[in-house]
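Below: the structure, in structure tokens.
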Amino acid sequence: MSQIWQGKLEKIDDYRWRIPTSYKPGMKVPGLIYASESLISSILNDRAPEQVANVAFLPGIVKYSLAMPDIHWGYGFSIGGVAATDPERNGVISPGGVGYDINCGVRLIRSDLTLEDVKSKLQDLVNSLFNNIPCGVGSTGDIRVSDREEEQILAKGAGWAVKKGYGVKEDLEHTEDMGCMEGADPSKVSDRAYERGRRQAGTLGAGNHFLEVQIVDEIYDERIANIYGLFKGQITLMIHSGSRGFGHQVCDDYVKSMAYTLNKYHINVPDRQLACAPIDSPEGKAYLGAMRCAANYAWANRQCLMYLTREIFEKVFNKSWNSLGLHLVYDVAHNIAKMERHKVNGEEKVLCVHRKGATRAFPPGHKDIPEDYRDAGQPVIIPGDMGSYSYVLAGAQGAMEETFSSTCHGAGRCMSRSAAIKKCQGRHIDKELFNKSGIIVRAKGRSTLAEESPEAYKDITEVVDVVHGAGISKRVARMKPLGVVKG
Amino acid sequence: MKPYEIIEHTADVGLKVNGASLEELFENAAKGMFEIIAGEAFHHSSKVSESRQIQIKKAVNGSEELLVEWLSELLYIFNREEILFRKFKILRLDNSGEILGEASGQKINFSQTTLHTEIKACTFHGLKIEKNKSGFTCNIIFDV
């Protein structure tokens, strides 16, 4: 692949690596990468560390340009990048620091079922999910909305879906921000974004998006698992999707228009994809208003996907979703920018926290965690690749102190899609997964399976070990896939 | 020199594009993008039953921005009208921000065709059009 990164990197301890500001003139703060000795060698094979250094150029950036252990080369920001900017110090907001799939995220649904209950029906279940949940490139959904309704989605997020009957109030309580960001401004959204959004509500998408039937195979923290309603041997469901074409269009519109704000506000960034504007400028506010609409669209979308999933379970098991215990554990966003309160040098400030492939991880006691989880910390849902594990973590105090309450978001790729396809040539990844681990995989595109094959990803356990070891989140439970639906 | 080839990028997909002229560079970039989207299906047929004229008039900062505008416009039409474009012709290109082009292809029949990659957008990451002995070249990263 690419050459080994030759920049300056200083080891701080077993989990932390610093890129000093002296590496590149223009860096306003150092870079800080969370990684183990073995993960850092794969990270250095990639161009991601250079992107960590580039993000440190952003005006108003506070403390560090951060990178989580699942960091890999993106565009502008690395994936796994976190940056907080201070509006009182001309801090900026960068659409590239959120990404095109605004509020791409994950939700975890628990059940009262065990392997015994699903074993004989698993094939049926996975086929049924695959056939009934719109997925794949260009997929459009059965949930069609009018212009007026779309505006409601943008303003109310998952609350719109619940009002339509696609869920219950309890679902909202277990969704980050109750499934709706305040300050969404539909007037800042282009006609094109509206048009793309109308056709895709309730669709999974393609690429790394998926729906998985899993089994909890390890509990690390009984007390917290109990609070989240998780137990060993339990069947869970995971949905990974985002704001679809709507969010892609919003980001596209603003990355383009912010080319001009760089000159206007005399901002110097080393990559055009880091285009940004001061948070309090008209351009910054407009982007925030539109981005929040996309975030709300994504929460409505995942709520609709959960509704469709519950319906399919009801048909396959001939029981209501409630009696199957299909309750939402939690829903997290991992591509988002949020105004949050954090301490900087002992002083509490409102900062704009960009999380590009990173998850919020509030510690126990935080007021924005649902009451029933407050003693445990915020659930953090970490999806793995389709051949290995996914994890549930809990937010920890360390994240509050060091990472603006952020942690990792997944395994993180270590191989390009084309390299993965080459490596898997002539192989049937679905058959391999079934023969080796009994995992049933259904995907629209054959090449998706090769691109998403387990070997294209880092070892998720190593990633989780780092965030646990560094004290920025706490290991709670591990799930193993039984059935996977891919776009 | 190849008109385009897919290059490695850890999370996303990149294209290295060449063209004897800027016009050809733009046409080849569009072909490459639709090959990423359609995979093998891009070469399955050469039928062009649908044609769309693309006109862009926008003040831009250089050819890179214009290239992103051109590819984004094609992506938008592809998403809206579900046409798999295969042939492209740039009729007029003015670096200050004007393109007149034509794209032709076929309506996608989703029951017969499985597309390969969902491109979310064409990014500016590291995008620089360079002039060399045989014309123009650039690398483009798509978010997928």
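The values are calculated or read from the model by the stated rules, or taken from the named source; none is laboratory data. Keep in mind that this is a model prediction, so the values were computed, not measured. We place every Cβ from the backbone using ideal geometry, glycine too, and count neighbours over all the protein chains shown. SASA here: full protein model, heavy atoms, side chains in, ligands and nucleic acids out. Shrake-Rupley method; radii C 1.70, N 1.55, O 1.52, S 1.80 Å.
Some observations on this one:
- When we screen B:Ala38, B:Ala11, B:Ala30 for residues that are in contact with a His (Cβ under 7 Å, 6 or more places away or on another chain), over 15 Å from B:His116 (Cβ atoms) and buried (at least 19 other Cβ atoms within 10 Å of the Cβ), the only hit is B:Ala11.
- Top-ranked residue in segment A:415-431 [being outside any loop (DSSP other than H, G, I, E, B) and loosely packed, with under 14 Cβ neighbours inside 10 Å; ranked as nearest to the other protein chains (Cβ to nearest Cβ)]: A:Lys422
Residue-by-condition table, conditions (1) of a type in the set (Lys, Arg); (2) open to solvent by 30 Å² or more (accessible area, probe 1.4 Å); (3) at pLDDT 95 or above; (4) farther than 30 Å from A:Gly483 by Cα:
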position	(1), (2), (3), (4)
A:Gly247	no, no, yes, no
A:Val255	no, no, no, yes
A:Thr261	no, no, no, yes
A:Cys276	no, no, yes, yes
A:Gly289	no, no, yes, yes
A:Arg292	yes, yes, yes, yes
A:Ala298	no, no, yes, no
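- Test: residue in segment A:63-71 that is more than 14 Å from A:Arg355 (Cβ to Cβ), crowded, with 24+ Cβ neighbours inside 10 Å and away from every other protein chain (no Cβ under 14 Å): yes
- Subset of segment B:109-136 that is polar (S, T, N, Q) and part of a loop (DSSP other than H, G, I, E, B) - its residue that is farthest from the other protein chains (Cβ to nearest Cβ): B:Ser134
- Criterion applied to A:Lys343, A:Lys338 was being under 30 Å from B:Phe142 (Cβ atoms) and part of a strand (DSSP E or B), and the one residue passing it is A:Lys338.
- Which numbered condition A:Glu218 misses (of (1) closer than 19 Å to A:Gly384 by Cα; (2) acidic (Asp, Glu); (3) crowded, with 24+ Cβ neighbours inside 10 Å): (3)
- Tally of residues being modelled with pLDDT under 95 and buried (at least 16 other Cβ atoms within 10 Å of the Cβ) across segment B:100-111: 2
- Whichever residue in segment A:317-337 is within 28 Å of A:Ser65 (Cα to Cα) and out of contact with any helix residue (DSSP H, G or I) (no Cβ under 8 Å at 6 or more places or on another chain) and, among such residues, is least open to solvent (accessible area, probe 1.4 Å): A:His334
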